[in-house]
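Notes follow the structure.
The values are calculated or read from the model by the stated rules, or taken from the named source; none is laboratory data. Just so it is clear, the model here is predicted, and its values are computed rather than measured. Please note: Cβ atoms are built from the backbone with ideal geometry, for glycine as well, and neighbour counts cover all protein chains shown. All accessible areas refer to the heavy atoms of the entire protein, side chains included, with ligands and DNA or RNA removed. Shrake-Rupley method; radii C 1.70, N 1.55, O 1.52, S 1.80 Å.
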Amino acid sequence: MSVDFKLASLDDLRQALDHKQVSATELAQTALQEAQRLQDYNIFLDINESATLAQAQAADELISKGQQGRLTGIPIAHKDVFVTQQWRTTAASKMLETYQSPFDASVVESLKQAGMVTIGKVNCDEFAMGSGNQNSAFGACRNPWDKDAVPGGSSGGSAAAVAAHIVPFSTGTDTGGSVRQPASMCGISGIKPTYGTVSRFGMIAYGSSLDQAGIMGRRAADLSDILDVMSHFDERDSTSLQRCGAVANQSGRVRQAFEHAQQQMQAQGDKPLKGLRIGVPKEWFNPGLSAEVATAIEQAISQFQALGAERVDISLPKNHLAIPAYYVIAPAEASSNLARYDGVRYGHRSQHYKTLEEMTARSRHEAFGPEVQRRIMIGAYVLSQGYYDAYYLQAQRVRRMIAEEFKQTFTQHCDVIMGPVAPEVAPNIGANQQDITHDWLADIYTLSLNLAGLPGMSIPCGFGGPQQKRPIGLQIIGNYFTEGQLLAIADRFQQHSDWHLRSAEV
């Protein structure tokens, strides 16, 4: 049976599976066929058909016994920085080109236990370092809306897999915007939760104090169920949150908050967002923001106002410091995290060396791409004697200032913040390659959230670029642990718009 993912919600898929209109095996087979058909988009890095079909058959058995859960039999793809037992985990790098993990990442494990069926591992920037998915050692991924454009990064393959209708959902990671930015550029919904609410166990580290797993799909409402399963305390991750004697991110938190917010909105009739204060930072609407993106964002905010929300103009004067602070802290942490790849225990080992030191140097030079090498060197520099205080400690002080600025803003002025995700629509593949800082500037509106550890998401709100076919995303930022509220607000917008239902022709 041929299955069309283009307009299928999680409710649609659940009903079809439960009423035997389609089987989990048929869903998986369709996804595998689509992945094969769209190979030239370079979305998937590894597919294991037998492993996928085994998971699908196990899901069908549960359904036949009436033991299924909300996610049983639903296909999903995983960003290739989550380690997996049955699929290679490369982090899109030659360093790990043949690596097979002996265990699953916590995110993969949780979703598998919930009955989701893994279709494969998807492309990304090498070790999640980039904003366009052009830094992959296995070639750039292409945007399903426009094959000449990047899909965004670093989780470009994750966003492209959903936008191309191969899978309804995919996981991603967000260190400086790498869930929200590709979601924006591929016209889908994506959320990065509060730092520490989703376990990083088994997620290949880039910047440990910044990395957070996220989820992408077409509808904001659907993401609440999957994020709920992903969010739980994990003693294997030292950054997994547990506070005040109770688990801050216990199972059910996201879904319950989402449903509670929905009930409150429904009770307010034709002004469901009455009482919601939307903060709009004046600093974000500057000459660096393209006119077409600014117009789409303003129109989206106007739609929220029509639903009863109040617009509040706010100022975030310290947010412009996010880029210099991030590009000190993230490379410093990357330099430390990537030191383990030395050609000794696992990973690429050079065939040309005479000493142990030469083996390590050659192995790293041969296997790490230019951007990874660049960030490792920056990180080593800012951590070196004589520069640690001047750069790294100063960046950490700036980070605290940015977090405090957000805290005061949410306390005094607004409930959520809205604005652009990226300053422009998706650029062409290969554009701006001579300017290595251009990709860095693409994250100007997203980096501050990672520095502060706040939750944020992107939802589609318009199109721009050549022939008006490159998507534009609206960023919605909330206070700590408000993922359910963010998703409910986004869902209310999507009930009154159709941007999320428009389909790329692939």
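Here are the numbers for this structure:
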{"read-out": "Residue match in region 412-428 (condition: open to solvent by less than 80 Å² (accessible area, probe 1.4 Å) and part of a helix (DSSP H, G or I))", "value": "no"}
{"read-out": "Matching residues, region 89-113, being in a loop (DSSP other than H, G, I, E, B) and surrounded by 20 or more Cβ atoms within 10 Å (Cβ to Cβ)", "value": "THR89, THR90, ALA91, ALA92, SER93, ASP104, ALA105"}
{"read-out": "Close pairs from region 485-506: first open to solvent by less than 50 Å² (accessible area, probe 1.4 Å), partner assigned to a loop (DSSP other than H, G, I, E, B) and among the basic types (Lys, Arg), Cβ under 8 Å, at least 6 apart", "value": "ASP491/ARG219; GLN494/ARG219; HIS500/ARG218; HIS500/ARG219; SER503/LYS6"}
{"read-out": "Among the candidates LEU486, LEU447, LEU451, residue that is of a type in the set (A, V, I, L, M) and touching a strand residue (DSSP E or B) at 6+ places or on another chain (Cβ under 6 Å)", "value": "LEU486"}
{"read-out": "Subset tally (residues that are assigned to a loop (DSSP other than H, G, I, E, B), touching a residue at least 40 places away in the same chain (Cβ under 8 Å) and under 28 Å from ASN143 (Cβ atoms)) for region 1-56", "value": "11"}
{"read-out": "Counted residues, region 119-148 - those being over 22 Å from ARG180 (Cβ atoms) and within 17 Å of the chain's Cα centre (by Cα)", "value": "1"}
{"read-out": "Residues satisfying the stated conditions in region 470-484, i.e. open to solvent by 10 Å² or more (accessible area, probe 1.4 Å) and either among the polar types (S, T, N, Q) or more than 23 Å from SER302 (Cβ to Cβ) (or both)", "value": "ASN479, TYR480, PHE481, THR482"}
{"read-out": "Residue tally, condition at pLDDT 95 or above and either in a loop (DSSP other than H, G, I, E, B) or open to solvent by 10 Å² or more (accessible area, probe 1.4 Å) (or both), over region 147-183", "value": "18"}
{"read-out": "Complete set of residues in region 322-362 that are at pLDDT below 95 and open to solvent by less than 10 Å² (accessible area, probe 1.4 Å)", "value": "GLY343"}
{"read-out": "Number of the condition not met by ILE204 [criteria: (1) over 23 Å from ALA160 (Cα atoms); (2) open to solvent by 20 Å² or more (accessible area, probe 1.4 Å)]", "value": "(1)"}
{"read-out": "Count of residues meeting criterion [open to solvent by 20 Å² or more (accessible area, probe 1.4 Å) and touching a helix residue (DSSP H, G or I) at 6+ places or on another chain (Cβ under 8 Å)] in region 382-393", "value": "5"}
{"read-out": "Which listed residue, of GLU292, GLU283, GLU298, is assigned to a helix (DSSP H, G or I) and out of contact with any helix residue (DSSP H, G or I) (no Cβ under 9 Å at 6 or more places or on another chain)", "value": "GLU298"}
{"read-out": "Close pairs from region 285-300: first without any contact (Cβ under 8 Å) to a residue 24 or more places away in the chain, partner of a type in the set (Phe, Trp, Tyr), Cβ under 9 Å, at least 6 apart", "value": "GLU298/PHE285"}
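To keep it simple, each residue is scored yes or no on (1) surrounded by fewer than 23 Cβ atoms within 10 Å (Cβ to Cβ); (2) more than 23 Å from the chain's Cα centre (by Cα); (3) within 17 Å of VAL162 (Cα to Cα).
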position	(1), (2), (3)
LEU10	yes, no, yes
HIS19	yes, yes, no
GLN29	yes, yes, yes
ARG37	yes, yes, yes
GLU49	yes, yes, no
GLN57	yes, yes, no
LEU62	yes, yes, no
GLY66	yes, yes, no
TRP87	no, no, no
